[in-house]
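Beneath this line is the structure, given in structure tokens, with notes to follow.
Rule-based calculations on the coordinates, nothing more; no lab input. Model, not experiment: these values are computed from the prediction. For neighbour counting, all protein chains shown are included, and Cβ atoms are generated from backbone atoms with ideal geometry for every residue, glycine included.
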2 protein chains.
Amino acid sequence: MATTKTLANWAVELKYEGIPRQVVEDAKKTFYNWLGCAIGGSSHEAVSIAIEALDELSGPRKASLYGRTEKFDVSHAALINGISSHVFDFDDTHLKTIIHPAGPVASALLALAESEGLTGKQFLTALVAGIEAECRIGNAVYPDHYDNGWHITGTAGVFGAAIAVGKALGLDELRMTYALGLAGSQPVGLRDQFGTMTKSFHPGRAAQNGHLAARLASKGYTTTLGIFENKRGWTNAISTKRDLTEITEGLGTRWEISLNSFKPFACGIVLHPIIDGCIRLRNEHGLNSDLTKIERIDVVVNPLVLELTGKTRPKDGLEGKFSYTHVCSAALIAGKCGEREFADSLVNGPETVALRQKVFATVDDKMPTDCALVTIVTSNQGTLTKEIIHAVGSADTPLTKQQLEDKFEDQVEPILGLERAKQITGVCDELEQVENLSDLIKITVR
Amino acid sequence: MATTKTLANWAVELKYEGIPRQVVEDAKKTFYNWLGCAIGGSSHEAVSIAIEALDELSGPRKASLYGRTEKFDVSHAALINGISSHVFDFDDTHLKTIIHPAGPVASALLALAESEGLTGKQFLTALVAGIEAECRIGNAVYPDHYDNGWHITGTAGVFGAAIAVGKALGLDELRMTYALGLAGSQPVGLRDQFGTMTKSFHPGRAAQNGHLAARLASKGYTTTLGIFENKRGWTNAISTKRDLTEITEGLGTRWEISLNSFKPFACGIVLHPIIDGCIRLRNEHGLNSDLTKIERIDVVVNPLVLELTGKTRPKDGLEGKFSYTHVCSAALIAGKCGEREFADSLVNGPETVALRQKVFATVDDKMPTDCALVTIVTSNQGTLTKEIIHAVGSADTPLTKQQLEDKFEDQVEPILGLERAKQITGVCDELEQVENLSDLIKITVR
């Protein structure tokens with residue numbers, strides 16, 4: 001069977017009962033992590049600008065903006081929530097393709113779930129269908145497509161959103177094929193936007209495009225039936241690598257969503273091993289009880305760390321994300337490295353500055369990027385050393401349930417308070433039991 | 001100066017007074033032809049499906065759908081009018097790139113002009129800025145980009161729409177650069193959609209994407225500043241040909257909009273020479289006074305004609321567009337070949353069928369595609385011959401003012417009546433004098 005038809009058919013036929021228990025749990029983690037990011041990013045300037053620009057275009061305001069007070073129509077809400085979920089670059093990563101899978105799919109689907117009153121099981125089924133499609137389509141074209149300048153989260157993400165929304169709308173196979181066709185005609189995103197607000201626009205617009213694709217398809221708007229395999233279709237236009245077997249092989253037995261990973265720290269992944277090392281030494285030796293006892297911090301790292309994040313005197317939070325000295329200091333003080341550890345005031349605080357001046361790095365070509373050696377000289381406990389083999393959050397050391405919760409609370413507490421954060425965690429833990437997703441949404445807004 | 005900045009600066013600085021008189025006249029023709037197509041296509045099923053699918057998402061209904069009764073928000077109206085203007089493939093063509101320039105630009109701009117009450121001069125200035133940008137960007141990447149599967153009307157069109165809307169919103173140079181950046185992250189359209197409703201979705205969605213780009217940019221949503229010239233930007237991702245000098249060279253002295261062409265007949269351009277020949281013989285010899293006197297019609301054509309349009313017994317209007325026998329028959333009967341000559345009932349009418357059976361084609365490798373030899377044997381006037389050197393509507397034989405008006409009336413009369421068609425023509429003739437475009441819109445709706 002042709003690729004497009006096979007994928008459409010699989011998505012249409014997928015049932016909650018057909019998804020293995022572990023995959024459901026992995027999907028719940030993906031959703032939970034994404035929701036924390038969406039709430040955590042909701043007060044960012046990019047979100048406020050989008051709201052200001054689009055307010056006068058909104059249709060019936062049936063969908064909430066998580067972490068905020070405003071409502072928008074389901075399509076605009078998908079865009080704006082998509083922006084807020086990616087704006088701190090703290091959301092999930094499918095490491096095989098560097099796709100951030102939840103952004104396009106969950107942003108489109110949750111907005112619809114609120115207005116349509118989907119159950120937790122319906123929601124999870126559509127989420128899994130969308131993310132499987134998205135990551136598999138990414139596998140088919142990665143890395144060439146990404147190397148050529150496309151932001152793969154936006155280009156593959158449209159298909160994921162279309163499948164998820166199409167599934168929620170109950171499309172049949174032909175109309176799901178149309179949804180894929182319309183998605184293929186609307187890729188989003190170029191890597192040249194990295195470092196600007198438009199990077200986070202990409203998952204948001206991909207969500208919106210996928211929603212539009214499924215909505216038009218649901219009424220019979222016709223498209224090509226072979227968007228992936230046809231000569232003038234998506235794959236040939238957008239990539240030199242075109243391995244279509246990646247899209248369909250093992251559908252329903254091999255699950256890409258289970259490979260999804262979650263960042264523990266709100267900065268580039270190359271810094272994660274030294275942050276992990278500092279936090280472990282801090283917690284194991286109670287270093288935070290008197291930071292003045294720390295005399296010197298030495299880190300041995302892969303050369304990329306200094307190349308990408310070599311700033312030693314960051315002047316604000318954004319520069320702090322590119323400073324190995326700052327992250328060591330912040331991690332030792334706070335025992336974590338969330339978005340709050342990159343607040344401008346904290347980066348410039350006297351305690352942080354004093355400690356970062358004691359950090360020194362040595363590069364070692366043989367050190368893998370997810371490893372580091374951290375040595376701390378203290379005046380009261382001697383020299384303490386921690387070797388990080390696979391930093392927390394890497395493929396080999398996924399975040400524990402507790403670490404995911406800590407990350408979630410750390411993002412949500414400043415926006416909605418700790419009690420509400422815990423309440424949302426409770427609902428997400430039992431997401432498959434939720435009878436109406438709009439009940440969850442009610443506690444995600446201010 | 002960098003390409004993106006140069007283009008943005010030119011668009012921001014462009015004033016009505018700086019546009020040569022002839023270019024203004026060419027822009028008016030482009031707009032008038034497009035408006036006729038938008039009204040003419042308004043009752044197509046693709047338009048009705050889009051309306052049904054999107055009705056519940058509409059924001060404040062400030063913009064009309066031409067030829068119809070409904071209103072939508074300015075963004076959705078841009079999409080739907082864009083679909084209706086392209087659905088019969090009867091709109092304008094920039095022959096150097098095969099871009100249909102008006103679709104994305106005018107659809108986005110006229111919707112905004114209605115809600116903002118732009119003057120005719122403001123409208124024409126923004127239209128010219130948008131179409132120049134769009135066609136020049138197309139020149140930079142054509143033909144490789146098109147050959148690789150992209151529907152260039154949708155990909156280059158987004159920039160045109162962004163520039164036009166940005167101009168109407170009064171963006172400064174930096175924000176116009178953002179508008180181009182956001183446009184670049186949202187290309188639309190693959191050639192694999194040709195023959196489906198999604199082909200006409202492309203100019204509509206390009207209009208909407210350009211509108212969104214300009215609107216977000218107007219509030220300061222940041223993007224890359226070098227979408228065309230940067231390594232990870234639009235041009236490298238989307239094309240192997242990348243001649244950026246096409247975008248900026250001769251801006252304000254060489255005008256692409258003056259190269260725009262208009263189809264006289266509602267079918268593929270390879271059929272135009274034989275239609276032209278049949279109409280000329282009909283009119284010069286009064287053949288329509290008694291069609292039974294026609295014994296045989298012979299056409300000598302380029303081989304492409306039989307390859308692309310070789311159906312001899314079309315069973316409906318869509319097949320009629322791919323039938324050299326039908327178009328000769330219809331042209332001899334009606335003296336024209338507009339959308340109405342492809343109605344299913346007409347294609348199957350006994351008079352049309354009887355005449356098409358007398359049509360015979362011979363191919364000649366040396367016959368250029370815009371030429372044909374038509375010979376009609378009659379029982380009362382002997383053998384009549386017409387050699388068409390450059391068919392009407394080709395670059396060398398543009399439509400006269402009268403032919404454009406005939407085409408317009410032919411499309412608009414069935415929807416709004418002949419009187420209204422003539423009234424709109426009168427306003428469009430003096431478009432630069434219009435004080436508020438919403439006055440024009442009022443007479444374009446039912």
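For this structure, a couple of remarks:
- DSSP-defined beta bridges in chain A - what % are antiparallel, rounded to 5: 75 percent
- Relative contact order %, the stretch B:1-90, counting alpha carbon pairs below 8 Å whose residues are six or more apart: 31 percent
- Dipole of the stretch B:1-147 [Lys/Arg +1, Asp/Glu -1 at C-beta], most positive-end residue of B:Ser43, B:Asn81, B:Val12: B:Val12
- Shortest-first distances to equivalent copies, position B:Lys366, nm, label 7 Å out along Cβ: 7.8
- Tilt relative to chain A, helix A:324-334 - C-alpha long axis, 0 to 90 degrees, to 10: 90 degrees
- Dividing the Cα radius of gyration of chain B by 2.2 N^0.38 Å, with N the residue count, gives 0.99.
- Normalised per residue, the volume of the convex hull around the Cα set of the stretch A:213-369 (Å³): 208 Å³
- Taking 7 Å steps out from each Cα toward its Cβ at B:Glu295 and B:Arg21 produces label points 5.5 nm apart.
- Karplus (6.51, -1.76, 1.60) ³J(HN,Hα), θ = phi - 60°, over the stretch A:224-232, in Hz, Gly and Pro reported as x: 4, 9, x, 4, 8, 9, 6, 4, 9
- The HN-Hα couplings worked out from phi for the stretch A:107-113 by the Karplus form 6.51 cos²θ - 1.76 cosθ + 1.60 (θ = phi - 60°) are 4, 5, 6, 5, 4, 5, 4 Hz, whole numbers, x standing for Gly and Pro.
- Within 10 Å of the Cβ of each residue in A:148-156, the mean number of Cβ atoms contributed by other protein chains is 3.
- Chain A, closest residue to the rotation axis toward B, by beta-carbon, whole angstrom: A:Gly59, 2
- For the protein assembly as shown, the dipole from Cβ point charges (+1 on Lys and Arg, -1 on Asp and Glu) about the Cα centre works out to 80 debye, to the nearest 20.
- Three-way shape call for the stretch A:14-124 based on the alpha-carbon gyration tensor, with the a/c threshold at 1.5: oblate
- Only the Cβ atoms of Lys and Arg (+1) and of Asp and Glu (-1) were treated as charged; on that basis the dipole of the stretch B:1-157 about its Cα centre amounts to roughly 500 debye.
- Rg/Rh for the stretch A:176-302, where both radii come from Cα atoms and Rh is the Kirkwood radius: 1.18
- Against the main long axis of the alpha-carbon atoms of chain A, helix A:418-429 sits at an angle near 50°.
- When the convex hull of its Cα atoms is projected in every direction, mean area for the stretch B:355-436 (nm²): 9.3 nm²
- Report summary: the helix-based calculation at 222 nm, which adds -39500 (n - 2.57) for every DSSP H run with n ≥ 4 and divides by the residues of chain A, gives -16000 deg cm²/dmol.
- Averaging over all projection directions, the Cα-based convex hull of the stretch B:260-328 occupies 5.6 nm² in the image plane.
- For the stretch A:198-237, the Stokes-Einstein estimate of translational diffusion at 25 °C and a viscosity of 0.890 mPa s comes to 209 µm²/s, using the Kirkwood hydrodynamic radius over alpha-carbon pairs.
- The angle separating the long axis of helix B:74-86 from the principal Cα axis of greatest extent in chain B is about 20 degrees.
- Reachable aspartates and glutamates from A:Lys407, criterion Cα separation under 17 angstrom, eight or more residues apart if same chain: A:Asp26, A:Asp89, A:Asp91, A:Asp92, A:Asp276, A:Glu339, A:Glu341, A:Glu419, A:Asp429
- If you look at the Cα atoms of the protein assembly as shown, you get an Rg and a Dmax of 30.3, 119 Å.
- Across the cross-link table entries B:Lys29/B:Lys219; A:Lys219/B:Lys29; A:Lys62/A:Lys219; B:Lys315/B:Lys336; B:Lys15/B:Lys263; A:Lys62/A:Lys321, which are compared at the Cα atoms, the separations over 25 Å belong to B:Lys29/B:Lys219; A:Lys219/B:Lys29; B:Lys15/B:Lys263; A:Lys62/A:Lys321.
- For A:Phe360, residues with placed amide H under 5 Å, excluding near neighbours: A:Ile297, A:Asp298, A:Val299
- With its label point put 7 Å out from Cα toward Cβ, B:Asp55 sits 3.0 nm from the same residue's point in the other copies, in order from shortest.
- Most positive-pole-ward Cα, A:Thr400, A:Gly335, A:Leu346, against dipole of chain A from beta carbon charges: A:Leu346
- Proximal charge balance of A:Leu225 [Cβ under 15 Å; K/R count +1, D/E count -1]: +2
- Total charge dipole magnitude, chain A, about the Cα centre, Cβ charges on Lys, Arg, Asp, Glu only, Debye to nearest 20: 460 debye
- Semi-axes of the equivalent ellipsoid for the stretch A:54-106, Cα gyration tensor, largest first, Å: 25, 10, 8
- Using only the C-alpha atoms, the convex hull of the stretch A:286-441 corresponds to 139 Å³ per residue.
- Across the stretch A:291-343, the volume of the C-alpha convex hull divided among the residues equals 89 Å³ per residue.
- Label point 7 Å beyond Cα of A:Lys219 along Cβ direction - residues of the stretch B:171-204 with amide nitrogen under 16 Å: B:197-202, B:204
- Net +/- balance of residues flanking A:Ala179 in space, Cβ distance below 10 Å, scoring K and R +1, D and E -1: +3
- Neighbours of A:Leu306 by Cβ distance under 14 Å: Lys/Arg scored +1, Asp/Glu scored -1, total -3.
- Descending semi-axes in Å of the stretch B:150-225, equivalent ellipsoid built from Cα gyration tensor: 25, 11, 8
- Sorted shortest first, the separations between the B:Leu95 label point and its copies elsewhere in the assembly read 5.8 nm; each point sits 7 Å from Cα along the Cα-to-Cβ line.
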